[in-house]
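Written out below as structure tokens is the structure these notes cover.
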Amino acid sequence: MTPFLRSSVAALWPTLLLGALLTACGGSRESSVDTRSSAAANAQNAPPAALNAQTLQAAEAQAKRTSADAAPLETLAEGQVAAWSDYASGKVARKAATVRLQVYRFFNTQTTAHFYTASETEKANVLATMPQFGYDGPAFSAASAFSPGLSPVYRFYNTQTGVHFYTISEAEKSSIQTNLPQFQLEGTAYHASQVAGAGLTPLYRFYMPAKGFHFYTASETEKNSIVANLSATYNYEGIGYYVLAADWKAEKLPHTGITAAQCVKAGSAVLVACSDTGATALNPQQDGHRVAINAMAYSTVANPAGGSFPITDCIKDSVTGLIWEGKTSDGGLRDELNRFTHQGGGAATDSSGYVTAVNGTALCGYTDWRMPTRTELLGLVKYGVVAAPMADATWFGTSGNAIFWASETVSEDSTKAWMVDMRSVGGYTPAGARSSIAAVRLVRGTPSAGTRFSYSSVAYGSDAANNVVNDSWTGLQWRRCEEGRVWDGTTCDGAATGFSHEQALAHATTQPGWRVPNVKETESLMELSRSSGARINATAFPGALAFYMWTSTPYVAGGDMAYAAAFNLGLVLVMDRVPNSLNLRLVRNP
């Protein structure tokens with residue numbers, strides 16, 4: 001749906017100020033003003049959009065001029081522009097995600113204008129008491145307070161038209177205050193970015209001369225529709241500034257589900273509480289120390305007819321935003337005991353036929369259900385449980401006690417496909433003959449896409465510049481080389497160091513800010529389309545070794561083992577913590 005096309009008049013009112021904003025909502029100042037004044041009287045009220053464009057251009061140029069050894073993002077003051085790499089890597093957006101607030105959009109059928117609010121209380125009040133407002137849903141996100149790399153967005157009230165105007169440009173703000181007395185400055189509405197970057201999306205701005213006010217949208221589809229169909233009414237003024245994408249997460253990988261009682265300490269094969277002094281002395285950033293970061297969480301899916309769909313139909317992953325198929329126990333199409341081949345061709349007993357059948361039922365109102373990738377499936381695994389199933393039993397019941405097909409086939413043997421084992425203390429990623437049978441759980445949602453990797457520089461031993469890989473799909477930063485090797489600017493030089501699991505955890509503490517990645521983070525780097533050598537992106541990680549890598553995730557059925565990733569085989573598996581000597585690639589959260 002394109003809500004804008006319901007109206008020829010639109011006004012953005014992203015309200016952050018509580019109080020008298022909507023006294024009764026015909027009680028808003030907007031609805032009490034006649035916006036039908038003449039074009040001649042209102043044309044002069046258009047603020048100079050060129051000043052805003054110049055501000056954005058200057059900010060981008062400044063960001064690109066900033067050297068690699070610029071002041072750390074965390075030290076920037078409000079309004080200061082960060083280094084270009086901080087925007088490109090998503091670091092600015094990730095910082096802002098901690099103070100993110102959602103901006104909601106309504107359509108006022110009485111004034112034919114759009115209303116935006118970032119207040120949950122105000123949103124609820126509008127829904128409950130103001131039937132003239134149709135709810136369009138979340139529009140975009142912004143920062144509720146200052147976050148490094150962002151700038152204040154100023155809110156003005158136009159006393160002639162009764163609508164609001166927003167600008168991030170200090171020059172435009174000053175020009176309005178000097179030349180347009182009908183605009184009253186109400187203060188800072190929220191914070192946004194003057195520079196584009198990962199996790200940021202443009203907020204487009206239009207001016208309507210006949211009405212004397214602006215319209216804003218974060219939807220590129222809506223922007224293109226207005227430009228194509230309503231250009232005689234709406235003058236496109238370009239990008240106003242950059243806001244947070246509505247679905248942007250600080251990180252997109254759920255935690256492993258390892259608990260705060262499942263850490264290791266030196267010289268012991270018994271898992272201990274992560275608060276144990278022995279555990280923190282060995283490494284205070286073990287998997288179990290990070291349970292609150294992207295903790296696995298789920299929610300029901302709203303039913304447009306009212307209430308929510310039952311979890312036997314569909315379940316939303318609150319971290320990734322993906323919607324997963326629920327399972328029944330009624331012997332029908334989606335019974336949890338049903339098993340399928342994975343050969344293609346559309347047979348009812350094959351995963352391909354199952355996808356078609358489920359989409360034919362419009363499960364939860366959707367017809368875009370698909371097979372999940374292996375990384376997506378692995379996101380459901382709760383590595384901290386000792387007994388089956390390894391998917392969250394509260395949400396998935398007993399249906400998680402199975403081996404599930406992933407969408408990817410094995411690149412070097414097309415007769416096989418990848419799987420994820422969610423049975424008791426599993427979490428492995430075996431490959432199976434596509435003619436064999438396994439469980440299927442469908443998913444819907446846009447897979448990660450677009451440019452994934454960019455590069456930046458972090459002081460690390462003798463490494464040359466651009467020694468860090470910024471992963472826009474997960475929000476993580478990876479060292480380009482395995483420990484023991486040196487980045488020479490082109491590839492990794494030298495021999496990798498072998499570590500026992502305990503040694504790997506201890507070594508990571510000698511590198512401030514870095515840590516041993518957990519099993520889900522490590523697996524996310526595997527490129528299953530590669531059929532030989534290291535199954536990892538060769539451009540981002542040139543010269544990577546086709547060998548086993550430690551993760552920080554312990555095997556809870558025995559503290560003498562831990563999960564590892566075999567980049568030569570494309571497997572996630574369990575290895576003895578001692579005496580195995582594996583490689584290590586460190587990760588960090590920028």
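The values are calculated or read from the model by the stated rules, or taken from the named source; none is laboratory data. This structure is a prediction, so every number in the text was calculated from the model and none was measured. When we count neighbours, we look across all protein chains shown, and the Cβ atoms used for this are built from the backbone with ideal geometry, even at glycine.
Data overview
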quantity	calculated
Counted residues, region 70-111 - those being of a type in the set (G, A, S) and touching a strand residue (DSSP E or B) at 6+ places or on another chain (Cβ under 6 Å)	6
Complete set of residues in region 366-376 that are charged (D, E, K, R) and either surrounded by fewer than 20 Cβ atoms within 10 Å (Cβ to Cβ) or farther than 17 Å from W395 by Cα (or both)	D368, R370, R374
Test for W405: is it over 28 Å from A302 (Cβ atoms), at pLDDT 95 or above and not in a loop (DSSP other than H, G, I, E, B)	yes
Leading residue by the ranking (farthest from the chain's Cα centre (by Cα)) among those in region 91-107 that are assigned to a strand (DSSP E or B) and in contact (Cβ under 8 Å) with a residue 40 or more places away in the chain	F107
Qualifying positions in region 315-328 - in contact (Cβ under 8 Å) with a residue 60 or more places away in the chain and not charged (D, E, K, R)	I315, V319, T320, G321, L322, I323, W324, G326
Residues located in region 123-151, provided they are closer than 28 Å to P72 by Cβ and either buried (at least 19 other Cβ atoms within 10 Å of the Cβ) or out of contact with any strand residue (DSSP E or B) (no Cβ under 8 Å at 6 or more places or on another chain) (or both)	F140, S141, A142, A143, S147, P148, G149, L150, S151
Whichever residue in region 129-188 is among the small types (G, A, S) and closer than 18 Å to N52 by Cβ and, among such residues, is nearest to the chain's Cα centre (by Cα)	A142
Pair list, Cβ < 7 Å and 6+ apart or interchain, from region 265-291 residues that are in a helix (DSSP H, G or I) and surrounded by fewer than 19 Cβ atoms within 10 Å (Cβ to Cβ) to residues that are modelled with pLDDT of 95 or more and basic (K, R)	G278/K265
Failed item, numbered, when P14 is tested on (1) at pLDDT below 75; (2) surrounded by fewer than 22 Cβ atoms within 10 Å (Cβ to Cβ); (3) more than 23 Å from N179 (Cβ to Cβ)	(2)
Residues located in region 446-457, provided they are assigned to a loop (DSSP other than H, G, I, E, B) and either in contact (Cβ under 8 Å) with a residue 24 or more places away in the chain or at positive phi (or both)	P447, S448, G450, R452, S457
Selection status of G427, under 29 Å from the mean Cα position of the chain (by Cα), on the phi > 0 side of the Ramachandran plot and in a loop (DSSP other than H, G, I, E, B)	yes
Total residues in region 459-480, condition without any contact (Cβ under 8 Å) to a residue 40 or more places away in the chain and either part of a loop (DSSP other than H, G, I, E, B) or surrounded by fewer than 20 Cβ atoms within 10 Å (Cβ to Cβ) (or both)	7
Qualifying position, being under 21 Å from the mean Cα position of the chain (by Cα) and not assigned by TED's automatic domain parsing to the domain that holds G321, among A261, A192, A269, A279	A192
Meets criteria (at positive phi and at pLDDT 95 or above) for G345	yes
Residue, surrounded by the most Cβ atoms within 10 Å (Cβ to Cβ), within region 315-365, restricted to residues that are part of a strand (DSSP E or B) and polar (S, T, N, Q)	T341
Boolean, E220 is under 29 Å from N52 (Cβ atoms), of a type in the set (D, E, K, R) and surrounded by fewer than 15 Cβ atoms within 10 Å (Cβ to Cβ)	yes
